[in-house]
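Take a look at the structure set out below.
The values are calculated or read from the model by the stated rules, or taken from the named source; none is laboratory data. Since the structure is predicted, the reported quantities are computational estimates derived from the model, not experimental observations. Please note: Cβ atoms are built from the backbone with ideal geometry, for glycine as well, and neighbour counts cover all protein chains shown. Heads up: the accessible areas ignore ligands, DNA and RNA and are worked out on the full protein's heavy atoms, side chains in. Shrake-Rupley method; radii C 1.70, N 1.55, O 1.52, S 1.80 Å.
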Amino acid sequence: MSLKLFIVLSVLIVIAMVVSLSIGSVPISFNDIYKSIIGETISQNTSLILYEIRMPRILMALLVGMLLASSGAIVQSLFANPIADPYVIGIAASATFGAVVAYLFDLPDIAYGLLGFISCAVFSLIIFKISRRGGIATLLIVGIALSSFLGAFTSFAVYLIGEDSFKIVSWLMGYFGSASWQKVYLLSVPAIFSMIYFYFKRHELDVMLLGDDEAKSLGVDTARLKRTLLIVSSLSIAFSVAFTGLIGFVGLIIPHAIRLLIRSSSNVALLPLSALFGGLFLLVCDTFGRTMLDPVEIPIGIITAFFGAPFFLYLAMSRRGSI
């Protein structure tokens with residue numbers, strides 16, 4: 001089942017990429033796309049649209065979707081609850097804090113991710129320490145409180161920016177329109193590193209599903225594993241938020257949907273499938289958002305929230321007894 005789903009998702013990603021390259025304010029035929037792939041000559045304008053505008057955006061959507069979904073799967077495994085999500089528990093809000101600081105000081109692109117990572121790592125460890133004894137209820141309360149506190153800073157920053165505030169407002173709603181090859185290269189480094197690291201720790205994560213006490217008896221240093229995985233997850237979230245803004249619910253709904261499909265919580269299959277499905281989901285959402293009301297573009301965060309908010313309510317209500 002897992003192998004078949006892996007193949008299906010891979011094929012669907014290729015199809016979605018071709019369709020996304022084709023449609024837009026300037027339609028491009030599949031024949032022109034095929035010619036460009038095999039190296040035949042196409043018009044300069046078509047080549048510019050394909051390789052300088054749409055392809056970087058497609059790759060950014062895939063990378064961010066993979067990062068958010070795999071990080072969501074990790075956070076859910078660490079806290080042993082399907083409603084734990086980097087956005088819900090405040091990790092993404094802390095990344096936003098660092099990115100907004102970089103924006104206010106007009107720092108280069110790489111500083112967005114670095115400052116986002118620093119603040120994200122610090123606040124993630126704080127969340128982990130506070131919620132360690134209180135369970136999922138404490139986790140959610142701390143996450144909501146932290147998101148509100150850092151959200152106040154972000155709102156104040158938007159107020160200070162003044163006339164240029166539209167730039168940061170559109171970024172806060174999730175935006176792929178500024179995608180470039182430079183950002184793709186910068187984002188690919190933490191994406192490759194984090195997903196390899198997550199997969200390398202897959203067996204230890206599976207042991208942790210048995211409970212901390214059982215994992216410790218089997219030789220897993222649970223405290224250290226949680227701490228390092230939260231830091232690596234913070235790196236993933238920080239760079240995705242810094243380059244594309246807030247895109248919620250991907251890390252919540254994708255891993256849970258994969259669990260329902262494969263009927264297993266094993267991270268051996270969950271992590272790679274979540275990454276593929278997350279990339280596919282965000283690519284489809286972005287293509288839908290930029291073409292549905294063309295030339296007006298719907299922020300990607302609005303579309304993911306449209307699907308994710310009801311799903312979150314469903315999960316919360318289905319687990320209301322444990323909460």
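Per residue, how much accessible surface does the chain expose to a 1.4 Å probe? Answer in Å², no decimals. Could you put the intermediate results ahead of the total?
On the way: 15110 Å² over 323 residues.
Roughly 47 Å² per residue, with all protein chains present.
Under the 0.36 nm per residue contour assumption, what length would be gained going from the current alpha-carbon distance of Thr41 and Val19 to full extension? Spell out each step's value before the answer.
On the way: separation 22, 0.36 × 22 = 7.92 nm, distance 2.04 nm.
Going from the current span to full extension adds 5.9 nm.
Stretch Ser148-Arg263 to full length: gain in nm at 0.36 nm per residue minus the Cα-Cα span?
Working: separation 115, 0.36 × 115 = 41.40 nm, distance 3.52 nm.
37.9 nm is the gain from fully extending Ser148 to Arg263.
Label Val26 and Ala80 with points 7 Å out from Cα along Cα→Cβ: what is the distance between them in nm?
Between Val26 and Ala80, the simple spin-label model gives 5.6 nm.
Provide Leu218, Leu62 ordered by accessible surface of protein heavy atoms (probe 1.4 Å), highest first. Please report the intermediate quantities before stating the final value.
Values: Leu218 105, Leu62 15 Å².
Largest to smallest exposure gives the sequence Leu218, Leu62.
Which is farthest toward the positive dipole end of segment 164-323 among Phe277, Val184, Phe288, measuring Cα position about the Cα centre, with Cβ charges +1 (Lys, Arg) and -1 (Asp, Glu)?
Value computed over the given set: Phe277.
So how do Leu104, Leu280, Leu59 rank on accessible area, 1.4 Å probe, biggest first, that is with the largest at the start? Walk me through the numbers on the way to the answer.
On the way: Leu104 75, Leu280 20, Leu59 45 Å².
I get Leu104, Leu59, Leu280, largest accessible area first.
At a 1.4 Å probe, what is the % contribution of carbon and sulfur to the accessible area of the chain? All intermediate terms of the calculation are to be shown ahead of the outcome.
Values: 10340 of 15110 Å².
Using a 1.4 Å probe with all protein chains present, the chain comes out at 68 percent carbon and sulfur.
Report, to the nearest 10°, how far helix 135-161 tilts away from the longest principal axis of the Cα atoms in the chain, using its own Cα long axis and a range of 0 to 90°.
Taking the Cα atoms of the chain, the angle to 135-161 is about 40 degrees.
List the pairs from Lys4/Lys216; Lys4/Lys226; Lys129/Lys201; Lys35/Lys183 whose alpha-carbon separation is above 29 Å, in the order I gave them. Intermediate values should be presented prior to the final figure.
Numbers: Lys4/Lys216 34 Å; Lys4/Lys226 31 Å; Lys129/Lys201 21 Å; Lys35/Lys183 27 Å.
Violating the 29 Å limit, Cα to Cα: Lys4/Lys216; Lys4/Lys226.
Working from Cα positions, state the angle (0 to 90°, nearest 10) between the long axis of helix 109-131 and the longest principal axis of the chain.
For 109-131 against the chain, the angle is about 20 degrees.
Can you give the FRET efficiency to the nearest 0.05 for Ser180 and Ala309, using r as the Cβ-Cβ distance and R₀ = 25 Å?
0.25
Sort Val11, Val232 by accessible area with a 1.4 Å probe, largest first. Walk me through the intermediate numbers first.
On the way: Val11 75, Val232 15 Å².
Accessible-area ranking of Val11, Val232, largest first: Val11, Val232.
Using a 1.4 angstrom probe and counting only protein chains, how large is the accessible area of His203 in Å², to 10?
Ignoring ligands and nucleic acids, His203 comes out at about 110 Å².
Angle, helix 222-244 long axis vs. longest principal axis of the chain, Cα atoms, 0 to 90°, nearest 10?
Rounded to the nearest ten degrees, it is 30.
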